[in-house]
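Written out below as C-alpha cells is the structure these notes cover.
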Amino acid sequence: APAADSAAPATDVENPPHDGPGVEEKAEDGEAGEEQVQAEEEEQEEEVEDEGPDLMLELQDKYDQLQEMIERATQQNMTLQRRVLQRKMHDKSDDSAEKQSEGKVTEHKYQNALTQVNQERMKLRVQQLRYAKMSEELRSQLDAKREKAVECRNSFQEFKRQIAKNAEYARTGRKIPEKIIQEVEEFELDKDAEVEEVRGANISLKNRKAKIEQDLRKKDELAENLHVIDFEQLKIENQTLNEKIEERNEEVHKLGKKTVVTVQIITHMREKVQFVQREHQALKAKLAELDHDLAAQRELVTKTKHERDEHRTDYSKLKQQAGIMNSEHLTRDFEGRAEHNKHLKEDIANLKKRHAQMLQFIKQHGGQV
C-alpha cells in the first residue's frame, strides 16, 4: 500500500495532460479490479465461515492469502498506472494542433482522472483497513482456537496419564511404572509433532491446489488464446500436487501403522522382560536354597569327619588297652560267665517273685507263720 501511495503522486506530477481513452481504460480496469477483489473477498469470507473450529493452520493460511491479495491489489494498481503512463506517452506523438484544440477537454479529463485515482486510493485504503481488521479477527480466533486446542490436548494427556497410572498388567497385576508412562508420552508427542507437520504440509498443499485452480479459472476467463497451454500446464501441476498429497497421506498412514506396530512390539518386549525377570528371581531363590542346603551338608560332612576321627582315636586307645581281649579262651570264659550271670538274674527274679507270694499269703492268714 505505501508503494502504491508513493507511486501515484509521481504519476500526477510528472505526466502532462492527456486525452480521454487512457483514463477511461484505467477506470474500466480499476472497476474490474475492484469487482475481482470483492469477489475474492466474498470467497475468502465464505471459506472462513465454512471452515471447522479444529483447523487452526487453515486460519493462518487464510491470513497469508489475505496478505497476498493485498500485495496483488497493490501490484495491479501499479500496473494500471504504468498503462496510463504508456497511454500518455503514446498520445504525445499526436499533432500539437489537435492537442491545443482539445486542451480544455483534456484538462477536464485529467482532473477527472486525478479524482478517480484518489477514489481508487481511498478504496484501496478501505480495503487495506478491512483486510487488516479481518486479519486481526482471524488472528484472535486463531489464538483462541490454539489456546483451546492446547487446553484440550493437556486435559486429554492428563486423562490418558491417569488411565495409564490406574492400568495393570493382565498377567502380573502390577501397575505401569512412571518411567514407562513418561517414555510413551514423549514418543507420542514426537509422533504428534510429525503428524502435525505433515498435516500442515497437507493443508498448505490443498490451499496451493485451490489457489492454482483459482488462477486457472482466471486465466481461462482472461486469456482464451492460451487456455489450452495453461490448462495442460496447470493440469500437470495439479496432477503432481495430487501425487504429492497422496504420498503424504500414505506416509501419514504408514506412520500410524508403524506407531501401532512399535507400541505392540514394545509392550510384548516389556512383558517378555518381566517374565524373564520373574524366572531369574525364581532361579536365584532356588540357587540360594541349594547353596544353603550345600552349606548344611558340608557342615554335616565336616562334623561326621570329626566324629569319625574321634571314634578312630577312641578305637585305637581301646585297642591298645584291650590287647588281651583277643584271646579265644578269655572270650569263651567271658561268654560263659555272661550266661551264668543271666541265669542267676533269672533265679533272683523268680525268688523275689516267690518271696512276694509268700508275704501275701502270710498277710492273708493273719500275719502268723
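The values are calculated or read from the model by the stated rules, or taken from the named source; none is laboratory data. Here the structure is a predicted model, which means the values were calculated and not measured. Every residue, glycine as well, gets a Cβ built from its backbone with ideal geometry; the counts of neighbours run over all protein chains shown. In case anyone asks, the SASA skips ligands and DNA or RNA and just uses the protein heavy atoms, side chains included. Shrake-Rupley method; radii C 1.70, N 1.55, O 1.52, S 1.80 Å.
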State all residues of region 252-276 that are of a type in the set (D, E, K, R) and surrounded by 13 or more Cβ atoms within 10 Å (Cβ to Cβ); if no residue qualifies, say none. Arg270, Glu271
Members of region 147-185 found to be charged (D, E, K, R) and open to solvent by 100 Å² or more (accessible area, probe 1.4 Å), listed by number: Glu147, Lys148, Glu151, Arg153, Glu168, Arg171, Arg174, Lys175, Glu178, Lys179
Among the listed residues Glu185, Glu279, which satisfies the condition of being closer than 30 Å to Thr172 by Cβ, without any contact (Cβ under 8 Å) to a residue 12 or more places away in the chain and assigned to a helix (DSSP H, G or I)? Glu279
Across region 202-229, what is the number of residues that are modelled with pLDDT under 85 and surrounded by 15 or more Cβ atoms within 10 Å (Cβ to Cβ)? 2
List pairs: first residue in region 194-209 and closer than 15 Å to Asn238 by Cβ, second residue open to solvent by less than 60 Å² (accessible area, probe 1.4 Å) and modelled with pLDDT under 90 anywhere in the structure, Cβ distance under 6 angstrom, at least six positions apart or on different chains. Asn207/Asp61
